[in-house]
Structures are given as C-alpha cells and as structure tokens.
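What follows is one structure encoded as structure tokens, with my remarks underneath.
Read-outs throughout are calculated quantities, based only on the coordinates presented, and are distinct from any laboratory measurement. Just so it is clear, the structure is predicted and the values come from calculations on it, not from any experiment. Here the Cβ positions follow ideal geometry from the backbone for every residue, glycine too, while neighbour counts run over all protein chains shown.
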C-alpha cells in the first residue's frame with residue numbers, strides 16, 4: 001500500500017506512533033501529484049519545497065509530543081481561503097496575483113493542528129459554477145474518467161482527494177459546492193450548519209449561503225477534520241457561539257431508533273434510474289439496520305432554483321463590487337478615465353459566468369425591482385426553511401440523491417446555463433435553510449462513475465449525519481477507494 005492511500009485517521013495514528021514520518025508521507029503525495037496532476041489539474045498552485053519544510057516541522061512537533069490530530073497530514077485548500085503569503089486567486093484573472101497578508105480562521109486552525117499544505121485547489125471562478133469549468137487557470141478532471149467533470153465549485157478539492165494527491169481538503173459550499181463534487185468524484189463531503197465553521201478569510205460569493213467544510217475519503221476523516229475547524233470565531237459576525245462536540249464520537253455502529261425521511265420531491269422527473277436505485281438501496285440498508293423510514297414532502301422544492309438564483313447573485317453583486325481596479329486585483333492599464341478603469345478592469349478581470357451573475361444580481365436589487373424579486377425570494381426562502389422544520393418533526397435525517405445524474409462530459413452543458421443551474425436542484429435548499437448536508441459514496445453507475453447519497457439534518461446536528469453516513473459506509477464498504 002502506498003502511503004498516499006492512507007486515510008487521515010490511519011496516517012495520524014501511524015505518525016503518532018513513529019511508524020512513518022510526515023516527510024515520507026508528504027513525499028508520497030508529491031510523487032503521486034507528479035504522476036497524475038498533468039491529467040487531473042486539481043491544483044492551481046503547488047509548493048513542494050514549502051510542503052517538505054512543513055513536514056519537517058511536523059515531525060519535530062510529533063517527536064516532542066506537541067502535534068495536533070492532523071500533525072504531518074498533507075491537505076489541499078480550496079483557492080478562495082486566504083493563505084498568508086500564498087496566492088489566493090479564487091480561480092479568477094481578477095485575483096491572479098493576490099497574496100493575502102493573513103490566514104483564514106480555518107487555515108489557522110489547521111496550521112495549529114500541524115497540517116502540511118500541499119497547495120491551493122482548482123475551483124470555479126469566485127465559486128460560481130457546477131463543474132469548475134469557469135476557472136481561469138484550467139479545468140480539473142474527474143479522476144474516474146478524465147473526459148468527465150469533477151463537479152464544482154470545489155472540483156479541485158474533490159479531485160485531489162479522490163485521486164490520492166492529498167489525504168483531505170477544505171472546500172466551500174454555497175449551493176452544493178462541497179456535496180456535488182464529492183458525489184461526482186466518489187468522496188465524502190460535509191457542508192456544516194451555517195455558522196458552525198468560521199467564514200473569516202473566505203473570499204465571499206454569497207455571504208448568507210457560504211459555508212466551509214471538509215472533503216475526505218471516508219466518514220471518520222470528515223469527523224476528524226470537523227473537530228479541527230468547527231467552533232465559534234469572534235472575527236466572524238455570522239459565527240454561532242455554540243458548543244461543539246467530538247465528532248468522532250458520533251461514529252457508532254447501528255441506526256436503530258433513527259427516523260429516515262425520504263423526500264418525494266427529490267425522486268421525480270429527470271432523475272437518472274441508476275441514481276435512484278443507488279439511493280433507495282441505501283435507504284433499504286438503513287431500514288434493515290433498524291431505522292424507521294418515513295415518507296416526507298418538501299412542497300416548495302420547485303422554487304429553490306429560482307430563489308437561489310435571485311439571492312445568491314444579488315449578494316454576489318454586492319460582494320464583488322469591491323473589485324474595481326483601484327484597491328487591489330486586476331487593473332486595466334489602457335483606461336483613459338476613472339469610468340473606463342472600472343469598466344475595463346471588471347470586463348477583462350471577470351469571466352462570463354461571474355459577469356452573468358453580477359448582472360442578474362444588480363438587476364434584482366435595482367430600484368423598482370427589489371420588492372418584486374429579491375424581497376419576494378427572501379420570503380420564499382423562509383417558506384423553504386419552514387418545510388424543513390416541518391419535515392424534521394417527523395424524521396431525524398433526510399436521505400436523497402445529491403445530483404439528478406452522475407458526472408457528465410466536460411463541455412456538455414457550457415452552452416446551457418439553465419441546465420447547469422438545474423443540476424444543483426437537490427443541494428441548493430440546504431444552503432437556503434442553513435442546515436447541514438453531506439454526501440457519502442453510494443456506488444457506481446454502469447459507466448463506472450461515482451454516485452453519492454445526500455444526507456440532510458437539523459441545524460447543528462452534524463453528528464446525526466456522520467452517524468448515518470458511517471453506517472452507510474460500513475454496509476457498502478466502498479469509501480477510501482482511489483481510481484487507478
């Protein structure tokens with residue numbers, strides 16, 4: 001077994017016992033990167049020399065018994081999380097040369113634990129996309145079939161984990177951007193409750209929807225990473241001051257007594273038969289293991305896409321107004337006036353999808369249209385949240401597909417933005433409601449492409465999701481699988 005194939009839990013245990021060194025583990029990942037990265041393109045930037053220096057320091061900490069739970073473990077970080085002294089591009093020409101002067105809180109926490117940061121992971125530009133094809137610096141490929149998308153916007157994070165280039169990664173999820181690529185690449189992805197993990201140092205897309213979470217090769221690793229990043233942060237005004245738990249304690253065998261809700265609206269027209277079969281199989285396994293299965297209705301599901309694509313672009317329009325060619329970021333050198341500077345810097349610095357969403361959002365917030373669009377969408381968002389509140393009175397966790405289909409070919413949906421948006425129909429609602437959501441590997445299609453199972457739970461009950469995911473994983477036995 002190659003060292004890069006170790007799970008985070010296995011690697012941390014071996015490192016702590018002195019059976020392997022962080023330098024050996026990091027070199028194994030770097031060798032794997034040298035072997036496959038030309039085909040995967042999961043990284044925007046890599047710094048092997050820095051990674052090896054971090055590994056050396058981690059080994060010293062371990063010898064002194066000063067290492068954290070992730071000490072010496074090589075990870076990738078999505079390229080919208082600020083990393084001090086390391087370029088953070090957000091996949092955009094606008095920030096091609098931006099080097100943050102500080103770390104995001106989650107990066108700071110991982111550094112305190114002793115992680116080794118291998119590099120920054122490829123992503124959709126400013127997290128706007130479902131395939132990472134909007135990235136200005138290349139497209140990550142699905143490790144299971146290089147002709148297919150890795151998903152988005154955290155496509156590089158999912159691809160680097162799935163391919164064995166790192167042991168885990170941090171991504172962000174605004175409308176499914178952790179869960180969807182996790183599903184398409186066959187890894188575990190967890191979007192925590194809004195406010196559970198600090199967003200300080202996350203370059204914002206939509207501030208009321210964005211949340212940071214882990215992508216890993218198994219459920220235990222997801223719990224280990226949650227232990228490292230969860231918790232209150234006074235630097236983030238949306239952080240919730242609520243006690244966290246040891247998430248690994250949720251990984252107990254058995255689901256007896258749990259109520260599993262199956263939302264009927266997620267099993268309608270457009271759902272691939274193989275995806276439906278995979279999800280219903282997992283429901284049956286949970287039932288056989290002692291869980292009670294309950295039919296659930298989320299009647300406002302049909303409104304989620306429309307609501308999301310008013311609220312998210314409106315917030316993006318506001319957040320991205322700061323990129324004006326004056327303060328930092330791309331600056332057009334040919335502008336003859338201040339107005340030209342604004343126009344040309346933003347026209348040339350942003351890609352088509354980002355500009356499309358800025359225009360939609362600006363229109364929705366404009367005078368005379370705010371009440372008709374943004375305000376109405378905000379009211380509908382409350383109704384969607386109420387649907388979930390009603391559902392969780394009858395069940396403990398919802399089980400459903402993550403996406404209507406497995407991965408599709410690169411370029412297949414680029415000319416049809418609406419079809420791309422609809423691919424997120426099953427993940428958007430968790431962000432609108434602020435609840436935790438998770439994708440756990442459920443099987444493979446007849447074409448050998450991964451299919452994920454989505455779990456959604458009550459606010460701050462990530463432990464319930466982890467418990468159910470652990471038992472699905474235990475029954476199916478397909479996690480921690482790396483394509484050859």
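Under 18 Å from the 7 Å Cα→Cβ point of residue 61, by amide nitrogen: which residues of the range 205-226?
In the range 205-226, the label zone of residue 61 (backbone N under 18 Å from the point 7 Å along Cα→Cβ) covers 224-226.
For the chain, what is the calculated [θ] at 222 nm in deg cm²/dmol (nearest 500), taking -39500 (n - 2.57) for each run of four or more DSSP H residues and dividing by its residue count?
Calculated at 222 nm, the ellipticity per residue is -11500 deg cm²/dmol.
Roughly what % of DSSP beta bridges within the chain run antiparallel, to the nearest 5?
Antiparallel bridges make up about 70 percent of those DSSP assigns within the chain.
Quick check on the exposure proxy: order 275, 197, 86 from fewest to most C-beta atoms within 10 angstrom.
Ascending Cβ contact count within 10 Å gives the list 86, 275, 197.
Taking 8 Å as the Cα distance limit and 6 or more residues as the minimum spacing, I'd like the relative contact order of the range 56-151 as a percentage.
26 percent.
If you find the alpha carbon centre of the range 178-255 and of the range 1-68, how far apart are they in angstrom?
Their Cα centres are 22 Å away from one another.
How much length is gained on full extension from residue 49 to residue 324, taking 0.36 nm per residue of separation minus their Cα-Cα distance?
Answer, rounded to one decimal: 95.5 nm.
Remind me, relative contact order of the chain in percent, using alpha carbon pairs under 8 angstrom and six or more residues apart?
About 17 percent, as a whole number.
Express as a percent, rounded to the nearest 5, the fraction of DSSP beta bridges in the range 176-304 (both residues included) that run antiparallel.
In the range 176-304, approximately 40 percent of DSSP beta bridges are antiparallel ones.
Would you kindly compute the Cα radius of gyration of the range 187-252 and its largest Cα-Cα separation (Dmax), both in Å?
12.1, 36
7 Å from Cα along Cα→Cβ at both residue 240 and residue 17: what's the point-to-point distance in nm?
Spacing of the two 7 Å Cα→Cβ label points: 3.8 nm.
With r as the distance between the Cβ atoms of residue 386 and residue 249 and R0 = 22 Å, compute the FRET efficiency 1/(1 + (r/R0)^6) and round to 0.05.
That gives a FRET efficiency of 0.10.
Scattering from the C-alpha atoms of the range 55-167 alone, worked out with Debye: what is log10 I(q)/I(0) at q = 0.12, 0.19, 0.20 1/Å?
-0.45, -0.95, -1.01
May I ask you to compute the full-extension gain from residue 378 to residue 232, defined as 0.36 nm times their residue separation minus their alpha-carbon distance, rounded to one decimal in nm?
That pair, residue 378 and residue 232, stretches by 49.9 nm at full extension.
Take the Cβ-Cβ distance between residue 409 and residue 352 as r, set R0 to 35 Å, and report the resulting FRET efficiency rounded to the nearest 0.05.
My answer for the efficiency is 0.95.
Cα-Cα pairs above 40 Å in the chain: how many percent?
Value for the chain (Cα pairs over 40 Å): 14 percent.
With 10 angstrom as the radius, rank 444, 43 by how many other C-beta atoms surround their C-beta, starting from the fewest.
444, 43
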